[in-house]
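J.: Dropping the structure in here first, questions after.
The values are calculated or read from the model by the stated rules, or taken from the named source; none is laboratory data. Everything numeric in this text was worked out from a predicted model, so none of it was measured. In this analysis, Cβ positions are derived from the backbone assuming ideal geometry, glycine residues included, and neighbour counts consider all displayed protein chains.
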Amino acid sequence: MSTQAVGNEGIEQLLRAEADLHAPASLVAQARLQDYEAEYRRSVEDPEGFWAEIAQELEWFQPWQKVFDWNYPLFEWFQGATCNITHNCLDRQVKAGRKNKVAYIWTTEDGTERQITYGQLLDFVSRTANALRSIGVSKGDRVIIYMPVMLEGIVCMLACARIGAVHSVVYAGFSVQALRSRIEDAQARVILTADVSYRRGKRVGLRSIVQEAISGLEAIDQVVVLRRAQPALELDLHETDFYELVNKQSADCPAAIMDAEDPLYILYTSGTTGKPKGVVHVHGGYMVGIYYHMTRFWDIRDDDVFLCTSDIGWAVGHSYIVYAPLLAGATTLFREGAIDFPHPAIVWELIERYRASVIFTAPTAVRMFMRYGDQLPQGYNLRSIRLFTCAGEPLNPEAMLWAHRVLCGNGQWGFVADNWWQTETGGPCLGTLPVFAARPSKAGKALPGVVAEVVDAQGNKLPPNKGGLLVLRRPFPHMYRAVYGDPDRYAEDWRKIPNAYSTGDVAICDDDGYFTVVGRADDVLNVAGHRIGTADVEGALVSHPAVAEAAAIGRPDEIKGENIKAFVMLRVGHTASPELELKLKEHVRNVLGAIAVPAEIGFPEKLPKTRSGKIMRRLLKAQELGKEIGDVSTLEE
């Protein structure tokens, strides 16, 4: 979008909290991070001392000589130190007495369950790491992992890190072209995959996609295939069976000594056009930052069961299914398949069965849960929930209030905590801690180590309650270090706004330091000179009792510049009609005012979403205007 007048009147906090939501007194009393103000102040006044103190909670092969070095826009943390993130995830936990503690509980749509302890996981990872070495993978090599959400997928990631190889996980189910572009960009020689994955009771072929994606690519040396289906498929000459390769290996594989700034992984994020952006994270700083948030923001305890509904193909899966829970010694529950299949209460069933206490999901999942009504979750014992956390896109007030009321017993036993971050930041930047109130429509305050500001197009900080561009003023350890093979693209993120990292989001910060992230800058509507966030319009629609989910886009308008079209998914028991459309328009008028009323409301059977659950407004707009839709490799099937 044009950045002119971003901070001018129009982007307002249109959805105001009716009341603050408070955590149970017992949860506040037990919180590991008690004094947010003091912690935050120390983290920004002495960031080097602050992060060095956190880093000392982990094990290093060699200590750092300098905590932080910044040659704008490039920076390094823990210079001179050596480490290996898997040593801290596995060896350190076994030494600490967690050898027989369950590291992962994995379930599937058909009810299959597998559990693995820290000791078993260390052995499995070591065998797999030795297997990779046996086929020629060495330190610095890039390995593509195209596998389902399952234990073997996690093990493959850890095995790469164990020997210093750089993994690049591609979401299992991406198209042939999306996979091929990532293989080519990473210049990978080895691919780890499975024959199939399962979703909504259907078998989804993966190995066939790999075969097509690598057709004509001479650089590929080896494809390792985990065969799940029966009868077992026959392998080609360049393919190796996963377990036949792994089972003959030794379980002795010491973690490779890595420089703190050695790359750990490349994770590609899709752009609107052009090739995907390969975000690079490193062993040292990434380890320190995500460990901090796992132990302070999610406040993981030794007896917690942590349920994360993401996928290993996304940033949340990397940080908060794989690495951070292991660094914190947690037991993590995760699942292959759709979150509402084979029945829409499967998540509540899992929470009750395993007594999951800390939950991490997406706002779009909460809105989907709302569609099915209150009775489904109320049919299960959810009192084990201590923290119910969300990230991915703005958590609208209605969804937060519903989760607070239905899932957390009106705050009797649990607390709803929003947070905001990106693939590039590795972990949360803004969030709500139990020690201060949650405010509907607001992601929370800047978390320790993060200097966040709302600025105009020239980088000038705006006063409270004025909308503008969200920027981060200084790097923290878990921030990305590069765009793989494209230093100019990396530098661009730090140079769009002077002396800051530009997030690409529009936000508002109130007088108390709470941030509302309105949405991507491209998702801000300009209606008759008023700048309105799509999240505001969508939030107003979802606050109507008939609406479960909504998406809003702008369309060219000769008089207003843009008008608004909304797309609405209804809750169970409601039917689309012209009368309902009028009622919804009137509801938006009452909540936001006449300027925000959609010119038209459509009732599609479903909304286009990425596989991580984000609504693809860009696709809706392109379809509406008859334009090219660009990169849709992340589109859910």
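J.: Take the conditions in a loop (DSSP other than H, G, I, E, B) and either crowded, with 16+ Cβ neighbours inside 10 Å or not assigned by TED's automatic domain parsing to the domain that holds Arg142 (or both) and apply them to Gly329. Does it pass?
T.: yes
J.: Additional query: Could you please find all residues in region 179-204 being among the hydrophobic types (A, V, I, L, M, F, W, C) and at pLDDT below 95?
T.: Selection gives Leu179, Val204.
J.: Out of everything in region 596-614 that is of a type in the set (Val, Ile, Thr) and either exposed (fewer than 14 other Cβ atoms within 10 Å of the Cβ) or at pLDDT 80 or above (or both), what residue ends up being nearest to Ala172 (Cα to Cα)?
T.: Ile601
J.: Next question, about the same structure. Any idea which residue in region 262-295 is surrounded by the fewest Cβ atoms within 10 Å (Cβ to Cβ), counting only those that are modelled with pLDDT of 95 or more and part of a loop (DSSP other than H, G, I, E, B)?
T.: Selected residue: Asp262.
J.: Among the listed residues Thr112, Thr108, Thr86, identify the single one that is β-branched (Val, Ile, Thr), within 24 Å of the chain's Cα centre (by Cα), under 30 Å from Ala129 (Cβ atoms) and surrounded by fewer than 17 Cβ atoms within 10 Å (Cβ to Cβ).
T.: The unique qualifying residue is Thr108.
J.: Could I ask something else about it? Could you run through region 374-385 and say how many residues are surrounded by 15 or more Cβ atoms within 10 Å (Cβ to Cβ) and part of a loop (DSSP other than H, G, I, E, B)?
T.: Total meeting the criteria: 5.
J.: Collect the residues in region 438-477 that are under 29 Å from His404 (Cβ atoms), assigned to a loop (DSSP other than H, G, I, E, B) and within 23 Å of the chain's Cα centre (by Cα), keeping them in residue-number order.
T.: Arg439, Pro440, Ser441, Lys442, Ala443, Leu447, Pro448, Gly449, Val450 - these are the residues of region 438-477 that are under 29 Å from His404 (Cβ atoms), assigned to a loop (DSSP other than H, G, I, E, B) and within 23 Å of the chain's Cα centre (by Cα).
J.: For residues that are assigned to a strand (DSSP E or B), among the aliphatic types (A, V, I, L, M) and free of Cβ contacts under 8 Å to residues at least 60 places away in the same chain, tally how many sit in region 85-120.
T.: 1
J.: Another one. Filtering region 213-227 down to residues that are modelled with pLDDT under 95 and charged (D, E, K, R), which residue is nearest to Val169 (Cα to Cα)?
T.: Only one residue fits best here, namely Asp221.
J.: What are the residues in region 236-251 that are modelled with pLDDT of 95 or more, more than 15 Å from Met147 (Cβ to Cβ) and out of contact with any helix residue (DSSP H, G or I) (no Cβ under 7 Å at 6 or more places or on another chain), if any?
T.: Correct list: Glu244, Asn247, Lys248.
J.: Assess whether Pro498 counts as being over 20 Å from Pro397 (Cβ atoms) and in a loop (DSSP other than H, G, I, E, B).
T.: yes
J.: When Val176 is evaluated against the numbered criteria (1) β-branched (Val, Ile, Thr); (2) at pLDDT 95 or above; (3) surrounded by fewer than 24 Cβ atoms within 10 Å (Cβ to Cβ), which criterion, by number, is the only one it fails?
T.: Condition (2) is where Val176 drops out.
J.: Within region 28-67, can you find the residues that are hydrophobic (A, V, I, L, M, F, W, C), out of contact with any strand residue (DSSP E or B) (no Cβ under 6 Å at 6 or more places or on another chain) and either in a helix (DSSP H, G or I) or over 30 Å from Asp510 (Cα atoms) (or both)?
T.: Of everything in region 28-67, those that are hydrophobic (A, V, I, L, M, F, W, C), out of contact with any strand residue (DSSP E or B) (no Cβ under 6 Å at 6 or more places or on another chain) and either in a helix (DSSP H, G or I) or over 30 Å from Asp510 (Cα atoms) (or both) turn out to be Val28, Ala29, Ala38, Val44, Phe50, Trp51, Ile54, Ala55, Leu58, Val67.
J.: Right, next: Looking at region 416-437, which of its residues are assigned to a loop (DSSP other than H, G, I, E, B) and closer than 18 Å to Tyr40 by Cα?
T.: Trp421, Gly427, Pro428, Cys429, Thr432, Leu433, Pro434, Val435, Phe436, Ala437
J.: OK, next. It is to be established whether one or more residues within region 358-370 are of a type in the set (Ser, Thr, Tyr) and buried (at least 21 other Cβ atoms within 10 Å of the Cβ).
T.: Yes, some residue in region 358-370 is of a type in the set (Ser, Thr, Tyr) and buried (at least 21 other Cβ atoms within 10 Å of the Cβ).
J.: Within region 455-470, identify whether any single residue is more than 30 Å from Pro342 (Cα to Cα), modelled with pLDDT of 95 or more and β-branched (Val, Ile, Thr), and answer yes or no.
T.: no
J.: Related question: In this structure, is Val406 modelled with pLDDT of 95 or more, in a helix (DSSP H, G or I), touching a helix residue (DSSP H, G or I) at 6+ places or on another chain (Cβ under 6 Å) and not assigned by TED's automatic domain parsing to the domain that holds His544?
T.: yes
J.: Could I ask something else about it? What do you reckon, is Asp259 loosely packed, with under 13 Cβ neighbours inside 10 Å and at pLDDT 95 or above?
T.: For Asp259, the condition - loosely packed, with under 13 Cβ neighbours inside 10 Å and at pLDDT 95 or above - is not met.
J.: Can you pull out the residues in region 169-188 that are at negative phi and touching a strand residue (DSSP E or B) at 6+ places or on another chain (Cβ under 7 Å)?
T.: Hits for region 169-188 are Val169, Val170, Ala172, Leu179, Arg182, Ile183, Asp185, Ala186, Ala188.
J.: The conditions are (1) surrounded by 21 or more Cβ atoms within 10 Å (Cβ to Cβ); (2) out of contact with any Phe, Trp or Tyr (no Cβ under 7 Å at 6 or more places or on another chain); (3) within 26 Å of Gln211 (Cα to Cα); (4) of a type in the set (Gly, Ala, Ser), and Ser319 fails exactly one of them. Which is it?
T.: So the condition that Ser319 fails would be (3).
J.: Can you name every one of the helices (runs of 4 or more DSSP H) wholly within region 122-219 that holds 2 or more residues which are closer than 25 Å to Arg98 by Cβ?
T.: 151-163
J.: Could you check Ala19 against (1) at pLDDT below 95; (2) surrounded by 18 or more Cβ atoms within 10 Å (Cβ to Cβ) and say which number it fails?
T.: Ala19 satisfies every listed condition except (2).
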